[in-house]
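Just so it is clear, none of the values below were taken in a lab; they were calculated from the coordinates. None of the values given here were measured: they were computed from a predicted structure. As a convention, Cβ positions derive from the backbone with ideal geometry for all residues, glycine included, and neighbour counts pool all protein chains shown.
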Amino acid sequence: MIDLIVAGGGPAGLMTAIHARLQGLEVTVVEKRSGPIDKACGEGLMPDALSRLQAVGIDPDGHDFCGIRYISKGKVAEAHFRSGPGRGVRRLTLHSALRERADDLGVHTVTGRVTEIHHGNGWIEAGGLRARYLIGADGLHSDVRRILGLGEDTTGARRFGVRQHFGTAPWSDFVEVYWLEDSEVYVTPVSHDTVGVAVLGRAVLNLDDAIARIPELAARLEQVPRVSELRGAGPLFQRVSTRSADRALLVGDASGYIDALTGEGLRLGFAEAEAAVNAVVTDQPEGYEHAWQKATRSYRFMTGGLLWASSRRSIRPMIVPAARAMPRVFNRIVDSLAA
C-alpha cells in the first residue's frame, strides 16, 4: 500500500505530488490524459505562486510582469507588486516543468480515471490503487468531489472564460485588464514573442467581438497571427461543502472556486497542495479544512467582493475610476492578492 494517490495530473496535482515526494511519501498520480495538458486560463503566475514553484526547484520560462493595470474608457489604474515580479507562463510550459520535476523526484504516474472510491480501516482505494490517503486535484468538474458528495448546487449568473495566444512581442510589463460593460479582457505577456488574451464573462463569449470593442487592443492585434487554439472553460463558480471526507482531501479548483477575476488560481492551488500534504504527513486530515480556509481567506473576500460589485450595472463603471482615484488602496488590494 502506497502513501498517497493524487487524482489529476494538472499543476495542482503535480505540485501536490512534488510536495509529497519531498516529504518522503510514496505517491502515484492518476491522470486520464497523456502529455502536457493545456487549459483556458490567464497564465499569469502571481509573485507568491512563482516563489512556491522556485522553492521546490522549478523556475519556468516565461515573461516577468511587474503588476496589474486596469483600463476602461481611457482611464487607467496601475498597481505594482511590492514583493517582486509575477511571471506569465504558457500553461504547456508550466505543466512540462512540473512534470519534469515530479519525474526527477520519482513520482509514479498511471493513465486512468477515478470512477469509484472505497474506504477501509486506514486505507482508501481509487483508480485501481490502494493508499493511506487520496487527494483530488482533478479540476473544476472534479470526479472525486462528485463521488464523495462534497459539491453543492450553484445558482445565479454563470461565468465562463476563453483564451487564445497571439504571436507578438509584449508591449507592457503589466497584466492588462480591459473592463467592458459585461466582461473583462486580460492580456498577459507569456514570452518574448507571445501574449495570451482571455475574456471572462457570461456565455456566450466571443473573443474576436470582445477585442473589437477595445480599439487600442484591436489595433495592436490586427493581422497578428494566432499561435494557439481557442480554448474555453466554465462555469467557473463551484461551491463545495467541505474539503475533506475521511481519508480524501480536495485541492485546487476541485476544492471550490469563485472566479478567475483576480488571477489567483495557481497561487491558491499551490498553497493548498502544500497544506494537504502536511495534513497527510501529520496524519491529521481533519485539520486541512482550517488550513484551506486560512489560505483562501483573502481570495474569497476580495474576489467575492469584486465579483459582486462588477455584477451590479450601477457599480461596475465605477471600478476603474475608483482604483485610479485611490492608488494606495488599489496597491494594497493587489498586494494582498499577490502575496
* Structure fact -> the range 50-92 -> Rg/Rh from Cα coords, Kirkwood Rh, value 1.10
* Once fully extended, how much extra length lies between Lys73 and Arg202, figured as 0.36 nm per residue of separation less the alpha-carbon to alpha-carbon distance? -> 44.4 nm
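Quick check for me: using +1 on Lys/Arg Cβ and -1 on Asp/Glu Cβ, what's the dipole size of the chain about its Cα centre, in debye to the nearest 20? Please report the intermediate quantities before stating the final value.
Working: 40 positive and 40 negative charges, 193 e Å.
Dipole of the chain, to the nearest 20 debye: 920 debye.
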* To do: Distance between Cα centroids, the range 183-202 to the range 46-101: provide it in whole Å.
  => 13
